[in-house]
Structure formats: C-alpha cells, structure tokens
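The values are calculated or read from the model by the stated rules, or taken from the named source; none is laboratory data. Quantities reported herein were computed from a predicted structural model and do not represent experimental measurements. With ideal geometry, Cβ positions are generated from the backbone for all residues, glycine too; neighbour counts draw on all protein chains shown.
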Amino acid sequence: MYHVIALHQVYGELIFRGLKIHEIRRSNRFKEGDTVFLYIARGNPLILRRALQRLGLDEEQTLTVRGTIAGGFEVGEIIKADFETLWDITKDTSGLVIAHGRDEGKEWLRQYVGDFGYAFTIEKPFLLKEPFTREEMREKYNVPVEGIIHLSSGSRREWVRRLFEDLLGRDILFV
C-alpha cells in the first residue's frame, strides 16, 4: 500500500540525511513493506534552524522544500511499545534529540504518544528528483493541501489514485 503523510521539515531533513531511522506514531496505519511519501509541512522554523546548526548546516543546504511531496521511504519493522520502551528504543534514532534536545525530546514524545505508541523503521529513503508541489496538486486535482494530511492508496477517491500514479511515475534518487 502507498501513503502520503505530513511531516515537519526538520524530520524530513533528518530522514534524507540518514539521521532519522524511526518514525513515531500514536496509532498505526502502516504495514511492513508499505511505501510512504512525505509531504513536507511547515513545522517550527526555529527548530529546523537549531537542528541544522547542530549538524553544522544552514538553511541554504536543506534537501527539502516546504509544501512539497519531497520523497519517501519503505516501512520496515513496526514496534508497539509503552512510552518508556519507545523512548529507550528511539531516543537516538527518531530525530527528537537532534530537533529538541534530550529532555525536551522526551517530553515531546510523552505528550505525543501518552502511555503507548508505535515506531517503525525507515528503510530505503528516496528523494523525488522533481518534488510534487501543493500548487501542482491544486492545479491537477483541485485539492488545496495546507497542512496535516494522510492519504492512502486504498482510497476510493479518484484524485488520490491519480496522485499516486503521478508519484510512482516520477524519477527518484535513493539516498
């Protein structure tokens, strides 16, 4: 199955730089082997800037552009765990420490998942050579995309099926 999910730019950057290998979710809509395309949502620009600085980079060196489907990855192993176990497994591989710092990252995770959540491994990350912009989505499908989205190839909506055809027909670059 194919999905499009929204992700803050800082996490997209970390995925495509090989620094984020776990994605954390409150609920699980994914199966091992699914392909996930990433819509790069706004997020907090200060968090992005701070994370880039920690990596010795600046904003001109970003691999992604906000408001685009920039690339994606394949879903690997899926883990369901209580908060403490989830933190122990993903603290250094989820991007939370790079984005927020250790204490803030742990608190963010606690607020996000509550008592338990899911993490899955990010495998075979790729960038689209030509990102799919929200303007293209609006023009081709008459669909305004501004923020949080989750689309699945199981949708009955014709425009969603055509979107996945467009995405799957684009040239990719494995990173």
Practice prompt. Return yes when GLU123 is in contact with a strand residue (DSSP E or B) (Cβ under 8 Å, 6 or more places away or on another chain), part of a strand (DSSP E or B) and charged (D, E, K, R) and no when it is not.
Written response: yes
Discussion item. Tell me yes or no: at least one residue of segment 19-26 is acidic (Asp, Glu) and not in a loop (DSSP other than H, G, I, E, B).
Written reply: yes
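Identify the residue in segment 3-49 that is of a type outside the set (A, V, I, L, M, F, W, C) and without any contact (Cβ under 8 Å) to a residue 40 or more places away in the chain and, among all such residues, is farthest from PRO144 (Cα to Cα). Explain how you work it out, then say what you get.
First pass over segment 3-49, keeping only residues of a type outside the set (A, V, I, L, M, F, W, C): 3, 8-9, 11-13, 17-18, 20, 22-23, 25-29, 31-35, 39, 42-45, 49.
Next, only the ones that are without any contact (Cβ under 8 Å) to a residue 40 or more places away in the chain stay: 43-45, 49.
Details: GLY43: 18, ASN44: 21, PRO45: 22, ARG49: 27 Å.
That would be ARG49.
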Worksheet item: Name the pairs: first residue in segment 137-155 and closer than 21 Å to ARG42 by Cβ, second residue of a type outside the set (D, E, K, R) and assigned to a loop (DSSP other than H, G, I, E, B), Cβ to Cβ under 6 Å, at least 6 apart or on different chains?
Response: MET137/VAL143; MET137/VAL145; ARG138/PRO144
Worksheet entry | Out of VAL10, VAL36, VAL75, sole residue that is surrounded by 19 or more Cβ atoms within 10 Å (Cβ to Cβ), at pLDDT 95 or above, in contact with a Lys or Arg (Cβ under 9 Å, 6 or more places away or on another chain) and assigned to a strand (DSSP E or B) | VAL75
Worksheet entry | Identity of the residue in segment 120-174, aliphatic (A, V, I, L, M), at pLDDT 95 or above and under 15 Å from the mean Cα position of the chain (by Cα), that ends up surrounded by the most Cβ atoms within 10 Å (Cβ to Cβ) | ILE122
Worksheet entry | All positions within segment 107-164 that are closer than 22 Å to HIS22 by Cβ and hydroxyl-bearing (Ser, Thr, Tyr) | TYR112, TYR118, THR121, SER152
